[in-house]
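The values are calculated or read from the model by the stated rules, or taken from the named source; none is laboratory data. Everything quoted here is computed from the prediction, not taken from an experiment. When we count neighbours, we look across all protein chains shown, and the Cβ atoms used for this are built from the backbone with ideal geometry, even at glycine.
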Amino acid sequence: MVAETGLSVLLSPMILFFVLGAFAGMARSDLSVPEPIAKGMSLYLMAAIGLKGGIQVAEAGFSSAILLALAAGIALSLLLPVPAYAVLRKAGGLDRVNAAAVAAHYGSVSVVTFVTGSEILTSLAMPPAGYMVAVMAAMETPAIIVGLLLAGGALGSGARRSGTALWHETFLNGAVVLLVGSFVIGLIIGKDGAVPVLPFFETGFRGVLCLFLLDMGLVAARRLRETRSLTWRLVGLGVLLPLLQGGVGVLVGTAIGLDTGSAATLGILAASASYIAVPAVMRMSLPQADPGVSLGMALAVTFPFNVTVGIPACIALATRFAA
Amino acid sequence: MVAETGLSVLLSPMILFFVLGAFAGMARSDLSVPEPIAKGMSLYLMAAIGLKGGIQVAEAGFSSAILLALAAGIALSLLLPVPAYAVLRKAGGLDRVNAAAVAAHYGSVSVVTFVTGSEILTSLAMPPAGYMVAVMAAMETPAIIVGLLLAGGALGSGARRSGTALWHETFLNGAVVLLVGSFVIGLIIGKDGAVPVLPFFETGFRGVLCLFLLDMGLVAARRLRETRSLTWRLVGLGVLLPLLQGGVGVLVGTAIGLDTGSAATLGILAASASYIAVPAVMRMSLPQADPGVSLGMALAVTFPFNVTVGIPACIALATRFAA
Amino acid sequence: MVAETGLSVLLSPMILFFVLGAFAGMARSDLSVPEPIAKGMSLYLMAAIGLKGGIQVAEAGFSSAILLALAAGIALSLLLPVPAYAVLRKAGGLDRVNAAAVAAHYGSVSVVTFVTGSEILTSLAMPPAGYMVAVMAAMETPAIIVGLLLAGGALGSGARRSGTALWHETFLNGAVVLLVGSFVIGLIIGKDGAVPVLPFFETGFRGVLCLFLLDMGLVAARRLRETRSLTWRLVGLGVLLPLLQGGVGVLVGTAIGLDTGSAATLGILAASASYIAVPAVMRMSLPQADPGVSLGMALAVTFPFNVTVGIPACIALATRFAA
Amino acid sequence: MIANIVQRRRIEVLVDRPLVPLVIDAANRAGISGYSLLRVEGGAGRNGAWADEEISGAQAKQIFLAVASQEKTDRLVDHLSPLLDSHGLVLFVGTVDVVRGGRF
Amino acid sequence: MIANIVQRRRIEVLVDRPLVPLVIDAANRAGISGYSLLRVEGGAGRNGAWADEEISGAQAKQIFLAVASQEKTDRLVDHLSPLLDSHGLVLFVGTVDVVRGGRF
Amino acid sequence: MIANIVQRRRIEVLVDRPLVPLVIDAANRAGISGYSLLRVEGGAGRNGAWADEEISGAQAKQIFLAVASQEKTDRLVDHLSPLLDSHGLVLFVGTVDVVRGGRF
Ligand SMILES: Nc1ncnc2c1ncn2[C@@H]1O[C@H](COP(=O)(O)O)[C@@H](O)[C@H]1O
Ligand SMILES: Nc1ncnc2c1ncn2[C@@H]1O[C@H](COP(=O)(O)O)[C@@H](O)[C@H]1O
Ligand SMILES: Nc1ncnc2c1ncn2[C@@H]1O[C@H](COP(=O)(O)O)[C@@H](O)[C@H]1O
Ligand code: NA
Ligand code: NA
Ligand code: NA
């Protein structure tokens, strides 16, 4: 089952485009996606999943499962950075500030990993519940606060701005606003109201995801090539952390009674590491942290690992738990 | 009826995305749409409406209504700046040059307001006639010439370039060329010839409009926040002018015998203020005018007002006149 | 037949958008397509045709025709620059380096000319075989090597980088990687695997091509206007070379037994001149060559000529040969 | 440095996009035919802060950058001075060493 | 040159995008309210090469460019000096002639 | 200014995009490892005007900007001088004060 899922995942057009991008990046091809196009595609993807999630919740109605899942997501985002921090300091040899920064990245989530996982789950006939989009949005930022607490004294230096500015960055971060905003719009308009705009957000969705993953492959490979900050230990942790966190996520999801697809998705969220919202906040609030370390691990190691191995593993685990 | 139309408008996905953008802009979220993407979307929207308008005219055939509507549009664009100028000087306290510049903006039109109005009218089963796209294109620039005449002596300083350069900017302005060009292409190819390309221009249309309005909300809110040129009087005029001009437009449209949807659209065009074609020409021809005033009013006050209140008001008025 | 094909081509929306762009560029309108959008559209078009070609080959199965066509394409790309070089030196009055650079452009191919030709052929019910995408990718770069050999001694100055760097640029050029990569992905996933992503790559295809050709028209016209490097002789050769090379291509295609659409396409490829892959490599490897000459001819003369006259001519010739 | 080096002036003019042709025109009249236009993504001045995300491009700005002789620079400054306030231009001039600068 | 010309300092700070508000803040405290932000597309430093194609914008950079008096410049340099290493800023200051420079 | 300030050269090379690796290479050989690449949106020179809307990126340009010591600058200028005409590069060098400039 794992192998089978894994193979069908690896041969899906999305993953193949990711592999193509990674190959081109490794081979130093001059293929590149213009930065505004990449940003435009990510806005499109976030608006689309927010909208679709909201519409699904409008259909399915609210349930206690939603609140449970939200609480579990927030708890994971708040708690996962703590063990991650310990491991990064001990096994990874990072100093306090860098370990805290990396831990915050891994407590938060990656939108594209979520989307890729959802597509794969849908193709396997176990789509996650619509509210998982809201869970993802809720998991984006709690880890940031824990990361800053872990960095502790280091906070001092950037302190002047960090009071309100941090609060602000955390809750009004562009990705969070767009995800939550589109989700709410989906809730308001419902399935019928969405008829005029759905063609746009559905027809193009998987194709845009292909091109976006092509770019992610390029970016991940280039970062791996250019980085001077990654050690082998850190690369190892970039594989270990998602496996551990993904396992915890699936476990928690199953324990609170989520359906298989949603439990797998909670695992995928826990396994994923942020490379959009968190890096910008960290650069502002923990400028002493080396972004080469955190982005190197999140983008160049964990993202490719999750897309190819981590997602199928979470799915397999959730399926086993469900059986 | 007004209230009902108003509510259904306010709860359409397009307007909700505009509100989301405005909220994010007000709350100083770092959400932003890359500038090339915004420009790309506006090219798409203009090509699409030009094409669709041309195809509809090719279907419906030419009629004297078209010529009447064109003449009415041009007359409105030429005449509306005159009372607007008087009001802006007296009630707005603007000097000659700035009053003339603002009047030119309000005599011209806003493409996105037109598109939003057309979508709303279509959803209410009273779509405007296809030729209204041509009317819009015809209204883009006459107001510029009147604005420059109103500025009078001020013209002197920029005079060297303004002879041919102005003429050129006016008739070969990018928006005008694209609108008219796509309209003509639609006329030539007709419904059958458009079959291969229509999926692109139709499937995505409303969704692209959502994302574009998200950006408009961001831009309008940021401009309102950053502006130092707007006084409360000018904000008031930014609401009053579209109401007055919209009323005149609907009246004229009804008087020349347009169908309800088209009469409402003529009102919406008259009510709307340009923020693309006119600002660039004014910056070139009336560099002494403060763009903060005209863009502040057109983008940050009148556009949001029209999208939420002005359009439903024009529709309600046209419906009443028709009854 | 020629006239008829020609007319139906000239009245297709794609060509009309090209003409609109060319008109706007000639008339110095400020209409413009942002550069990242243009690049994004070209990535989309290349991924789409690669994918579709691969899927078609996966359907039709491999055949010796594919190998023959590939060999013919590579041979054309290698050999056509030689007579072109001679003509450019004698009739065009170019020096060695510039003649070699231009010859390399004409030995290589233009992706958009290929796409436009394929669309026209499809609308005439003689679509080229899916593997012609692979033939195009194979023809992109051999001409570069021949061009550099023709430039001969001139190679010396850039020699330090040119060994591996050139090899690299030639085979890992972004366009080649994306075309071949998407083709292989299409081969792997086949028709069934492509179901989720095809809507994106098909629905938008012709519409995107319209907007891309609008931009090509703008760019070609502006280059024609700004260029100081084109002489009338060179303009003449920009028309003559595609006619001659197109004829040879159709002849070879018919001789090796390709179907009419594919033979016409081989002619269109031979007639087209590169303006993406080759210019960048030439700038790097033959920096002494004036890009104004080669790009002026390829973009401002040959591209418009092919899109309006060359493609119908190749189709007519292939049809005659087939009869 | 082995090459023949000359001193030239490095002129920067911060200008709204629609007014760029005006500056180019003035440069041509001053005998300056070579220049580059740099992208400016945002800024602040007497009219508050701006960013080029503006949907209307009318307030987006570019930097007109030219290297020229003192003489041509003086002419350009003469042409542009009257416009500095009315058209909201910002102009400053530095000094640079140019290799093979004869043509500037 | 006919116009009244004054000498001013031309300050360039190379700064990561998320830290730009910090620099603007420091500039405001130093009395500098006019500045421009230039697009930087790539570069290299102690941490290797980068290009702004990065999906995460956290390492994209801008150049903060301001022309100001010596006095304000000194204040800005004072404010930013402690951050140069910890925040990875690069700061350099040239000299330019400004026409009608009174307002800077 | 309290900080330790040194004078360095500010090198700008205007270069076609495909040739940027050549300049970086020359800079590395001259011992310059830090640089930034600025976006240029258009310009004009001996070959007429251009804008980076060109579909083919071969003529789009960047500014290679580096701050370095006089010695390294001299070496870079030596390396690039022979290419100025053949490769169409434009090179100019100014002077700047750098805070904590030891590393440049
Ligand atoms: N001192 C300065 N240094 C650099 N750029 C400036 C300065 N002052 C103004 N600018 C730029 O010039 C634009 C117009 O300034 P202003 O004329 O003061 O509104 C601003 O938006 C900035 O981008
Ligand atoms: N000497 C230099 N000249 C110009 N830009 C530099 C220089 N050194 C560093 N930079 C830029 O500053 C960024 C950060 O440098 P660093 O702090 O050395 O990692 C680099 O990525 C470059 O874009
Ligand atoms: N004097 C100058 N000042 C600034 N940029 C220049 C100058 N001359 C040329 N350039 C730039 O360098 C490019 C190549 O110039 P050229 O080698 O003269 O064709 C031009 O397109 C401009 O972008
Ligand atoms: Na996580
Ligand atoms: Na109006
Ligand atoms: Na060819």
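Could you list, in sequence order, the residues of segment A:244-270 that are of a type in the set (A, V, I, L, M) and crowded, with 19+ Cβ neighbours inside 10 Å? Those that are of a type in the set (A, V, I, L, M) and crowded, with 19+ Cβ neighbours inside 10 Å: A:Val250, A:Val252, A:Leu258, A:Ala263, A:Ala264, A:Leu266, A:Ile268, A:Leu269, A:Ala270.
With respect to B:Glu140, is the statement that it is surrounded by fewer than 24 Cβ atoms within 10 Å (Cβ to Cβ) and under 21 Å from B:Phe183 (Cα atoms) true? For B:Glu140, the condition - surrounded by fewer than 24 Cβ atoms within 10 Å (Cβ to Cβ) and under 21 Å from B:Phe183 (Cα atoms) - is not met.
Could you tell me whether any residue of segment E:48-55 is touching a helix residue (DSSP H, G or I) at 6+ places or on another chain (Cβ under 8 Å), touching a residue at least 24 places away in the same chain (Cβ under 8 Å) and either within 14 Å of chain A (Cβ to nearest Cβ) or away from ligand 1 (no atom under 16 Å from the Cβ) (or both)? No, segment E:48-55 has no match at all. Screening the candidates E:Ser36, E:Ser81 for the property of being buried (at least 21 other Cβ atoms within 10 Å of the Cβ) and away from ligand 6 (no atom under 16 Å from the Cβ) yields one hit, E:Ser36. The set of residues in segment A:108-124 being of a type outside the set (Val, Ile, Thr), at pLDDT 95 or above and outside any helix (DSSP H, G or I) consists of A:Ser108, A:Ser110. The requirement of being of a type outside the set (Asp, Glu), within 16 Å of ligand 4 (Cβ to nearest atom), in a helix (DSSP H, G or I) and surrounded by 21 or more Cβ atoms within 10 Å (Cβ to Cβ) is not satisfied by A:Ala22. Restricting A:Gly92, A:Gly174, A:Gly163, A:Gly152 to residues that are over 30 Å from B:Leu20 (Cα atoms) and modelled with pLDDT under 95 narrows the list to A:Gly152.
Of all residues in segment C:77-110, those satisfying the criterion of being under 15 Å from C:Leu230 (Cα atoms) and either within 16 Å of ligand 2 (Cβ to nearest atom) or not basic (Lys, Arg) (or both) are C:Leu88, C:Ala91, C:Gly92, C:Gly93, C:Leu94, C:Asp95, C:Asn98, C:Ala99, C:Ala101, C:Val102.
Residues considered: E:Ala58, E:Ala51. Of these, the only one that is crowded, with 17+ Cβ neighbours inside 10 Å and in contact with a strand residue (DSSP E or B) (Cβ under 6 Å, 6 or more places away or on another chain) is E:Ala51.
Of all the residues in segment B:202-237, those that are closer than 27 Å to B:Thr122 by Cα and touching a residue at least 40 places away in the same chain (Cβ under 8 Å) number 17. Taking the listed residues A:Ala27, A:Ala48, A:Ala38, the one that is of a type in the set (A, V, I, L, M), within 14 Å of chain C (Cβ to nearest Cβ) and free of Cβ contacts under 8 Å to residues at least 12 places away in the same chain is A:Ala27, with no other qualifying. Pairs linking a residue in segment C:239-263 that is at positive phi and in contact (Cβ under 8 Å) with a residue 12 or more places away in the chain to a residue that is away from ligand 6 (no atom under 13 Å from the Cβ) and not aromatic (Phe, Trp, Tyr), with Cβ atoms under 9 Å and 6 or more positions apart or on different chains, are C:Gly257/C:Ala65; C:Gly257/C:Leu68; C:Gly257/C:Ala263. Taking segment C:295-320 as the range and being more than 15 Å from C:Arg222 (Cα to Cα) and within 14 Å of chain F (Cβ to nearest Cβ) as the test, only C:Val307 passes.
For segment B:276-305, a tally of residues being within 17 Å of the chain's Cα centre (by Cα) and in a helix (DSSP H, G or I) returns 18.
Can you tell me which residues in segment E:1-47 are within 16 Å of ligand 2 (Cβ to nearest atom), at the interface with chain D (Cβ under 10 Å from one of its Cβ atoms) and touching a residue at least 12 places away in the same chain (Cβ under 8 Å)? Result: E:Arg10, E:Arg17, E:Val20, E:Leu37, E:Leu38, E:Arg39, E:Val40.
If you filter segment D:48-61 down to residues that are of a type outside the set (A, V, I, L, M, F, W, C) and either within 16 Å of ligand 2 (Cβ to nearest atom) or assigned to a strand (DSSP E or B) (or both), you find that the one that is modelled with the lowest pLDDT is D:Gly48. Only residues that are outside any strand (DSSP E or B), hydrophobic (A, V, I, L, M, F, W, C) and in contact with a helix residue (DSSP H, G or I) (Cβ under 6 Å, 6 or more places away or on another chain) were counted in segment F:3-47, giving 4. Before we move on, is F:Ile32 touching a Leu at 6+ places or on another chain (Cβ under 7 Å) and closer than 26 Å to C:Thr227 by Cβ? The answer is no for F:Ile32. Considering each residue of segment E:62-97, count those that are at the interface with chain F (Cβ under 9 Å from one of its Cβ atoms), assigned to a helix (DSSP H, G or I) and under 15 Å from E:Arg8 (Cβ atoms), and give that number. Summing the residues that are at the interface with chain F (Cβ under 9 Å from one of its Cβ atoms), assigned to a helix (DSSP H, G or I) and under 15 Å from E:Arg8 (Cβ atoms) in segment E:62-97 gives 3.
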